[in-house]
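Working notes, beginning with the structure itself.
The values are calculated or read from the model by the stated rules, or taken from the named source; none is laboratory data. Here the structure is a predicted model, which is why all the values come from computation and not from measurement. Virtual Cβ from ideal backbone geometry, glycine too; neighbours counted across all protein chains shown. The protein model used for the area step is the full one, side chains on, heavy atoms only, and it has no ligands, DNA or RNA in it. Shrake-Rupley method; radii C 1.70, N 1.55, O 1.52, S 1.80 Å.
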Amino acid sequence: MKLVRKDLEKDNAGQVTLIPEEPEDMWHTYNLLQVGDSLRASTIRKVQTESSTGSVGSNRVRTTLTLCVETIDFDSQACQLRVKGTNIQENEYVKMGAYHTIELEPNRQFTLAKKQWDSVVLERIEQACDPAWSADVAAVVMQEGLAHVCLVTPSMTLTRAKVEVNIPRKRKGNCSQHDRALERFYEQVVQAIQRHINFEVVKCVLVASPGFVREQFCDYMFQQAVKTDNKLLLENRSKFLQVHSSSGHKYALKEALCDPAVTSRLSDTKAAGEVKALDDFYKMLQHEPDRAFYGLKHVEKANEAMAIDTLLISDELFRHQDVATRARYVKLVDSVRENMGTVRIFSSLHVSGEQLGQLTGVAAILRFPVAELSDQEDESSSEED
């Protein structure tokens, strides 16, 4: 994302002009937009014209509109963003108050104005405009007959290809059908890797599976690469890292990212940091439950006691339509930072973010136990009984 201009007042009202440069920037934009914001961008409008003879025709014109945002629709797979709202600025083609939908596109500038730019939104702009935050991890999660080729960017896990091939069972004395089907499956996965993984950007390709599937697949892939003199695969052989996962489904990617060998290799990526933080939270919940809280009320109570060491919070909560509720989450983030705590904002499009979402979307690892809260809960539940 490219920041063209930033005009903020002392009360944090104002506008920013941005140019999304990559598909992932559309996800950042989706998180910046809120109902009630003002969005100015170039768009195409169908306009009816009447000729001197009275005949009516219509043609499409490109014009710049300023909308008051009412609905925001994001397609995570296509990385497309549509914003619907009413026109709030004089325009020769569109009446004031008329509805229009702007489709934001990569490499096309837009200006976003807000009455209040909070710390979470400003931090996201900073991250989006920092080139170090680009996608640098790819993963192939597989089992016999099923594989998912994913890109793990700092903000989301994108499934780029799903390969499914029916593999017949091995029969006594005749394995040829099984072997042929397996070879066909491996070949399709190799094609998907070459089609969807940009080796100029990607630092590491995880190949995760149960059993020996990953070893057999990598052996096949590099044997074929040698036979066909596939320079792309041969030159990037060192980027492939084999790890264990329980299955070939997308959710098994979390296990692969938790592997110590992977963590050390990806120590500088946000995705690995999120997975580790969530893993630490679960361990704490298991061994010292008084130092692991989740749910907004509990976490806020722990924050009042200045006990939060690491706050885990889903970016989905900052898209809440109710301004007061959103402000409550922003206040929590700011307060934890003021108290020298670490804040990790999880992407709801990551596997780890989905898991955090199942835990209400907000959790905390505490510096010290806050037993009173657990005791209060026990007392209130016994009173209810």
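Structure values in brief
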quantity: Condition check for Asp179: within 27 Å of the chain's Cα centre (by Cα), open to solvent by 10 Å² or more (accessible area, probe 1.4 Å) and among the charged types (D, E, K, R); calculated: no
quantity: Subset of the stretch 40-61 [within 15 Å of Ala98 (Cβ to Cβ) and either exposed (fewer than 11 other Cβ atoms within 10 Å of the Cβ) or in contact with a Ser or Thr (Cβ under 6 Å, 6 or more places away or on another chain) (or both)]; calculated: Arg45, Lys46, Gln48
quantity: Residue match in the stretch 176-189 (condition: under 30 Å from Arg344 (Cβ atoms) and modelled with pLDDT under 95); calculated: no
quantity: Only listed residue being modelled with pLDDT of 85 or more and in a loop (DSSP other than H, G, I, E, B), chosen from Gly54, Gly36; calculated: Gly36
quantity: Test: residue in the stretch 125-147 that is at pLDDT below 95, among the hydroxyl-bearing types (Ser, Thr, Tyr), touching an Asp or Glu at 6+ places or on another chain (Cβ under 8 Å) and assigned to a loop (DSSP other than H, G, I, E, B); calculated: yes
quantity: Given (1) more than 23 Å from the chain's Cα centre (by Cα); (2) part of a loop (DSSP other than H, G, I, E, B); (3) closer than 30 Å to Arg344 by Cα, index of the condition Gln77 fails; calculated: (1)
quantity: Near pairs, Cβ below 8 angstrom, 6+ apart or cross-chain, from the stretch 9-21 (over 18 Å from Cys68 (Cα atoms)) to any residue that is among the basic types (Lys, Arg); calculated: Ile19/Lys2; Ile19/Arg108; Pro20/Arg108; Glu21/Lys2
quantity: Residues satisfying the stated conditions in the stretch 219-263, i.e. in contact with a Lys or Arg (Cβ under 9 Å, 6 or more places away or on another chain) and in a helix (DSSP H, G or I); calculated: Phe222, Ala225, Lys239, Lys250, Leu257, Cys258, Thr263
quantity: Matching helices (runs of 4 or more DSSP H) fully within the stretch 284-373 where at least 2 residues are surrounded by fewer than 14 Cβ atoms within 10 Å (Cβ to Cβ), under 23 Å from the mean Cα position of the chain (by Cα) and of a type outside the set (Asp, Glu); calculated: 323-338
quantity: Flag if Thr64 is over 30 Å from Val152 (Cα atoms), open to solvent by 40 Å² or more (accessible area, probe 1.4 Å) and in contact (Cβ under 8 Å) with a residue 24 or more places away in the chain; calculated: yes
quantity: Near pairs, Cβ below 6 angstrom, 6+ apart or cross-chain, from the stretch 106-124 (open to solvent by 40 Å² or more (accessible area, probe 1.4 Å)) to any residue that is part of a loop (DSSP other than H, G, I, E, B); calculated: Pro106/Pro20; Lys115/Ala13; Gln116/Asn12
quantity: Close pairs (8 angstrom Cβ cut-off, 6 or more residues apart or separate chains): touching a residue at least 12 places away in the same chain (Cβ under 8 Å) in the stretch 290-312, open to solvent by 50 Å² or more (accessible area, probe 1.4 Å) and assigned to a strand (DSSP E or B) anywhere; calculated: Asp309/Thr342; Thr310/Thr342; Thr310/Arg344; Leu311/Thr342; Leu311/Arg344; Leu312/Arg344
quantity: Any hit, the stretch 85-101, residues being modelled with pLDDT under 95, touching a His at 6+ places or on another chain (Cβ under 8 Å) and not in a strand (DSSP E or B); calculated: yes
quantity: Failed item, numbered, when Asn31 is tested on (1) under 27 Å from the mean Cα position of the chain (by Cα); (2) open to solvent by less than 70 Å² (accessible area, probe 1.4 Å); (3) modelled with pLDDT of 95 or more; calculated: (3)
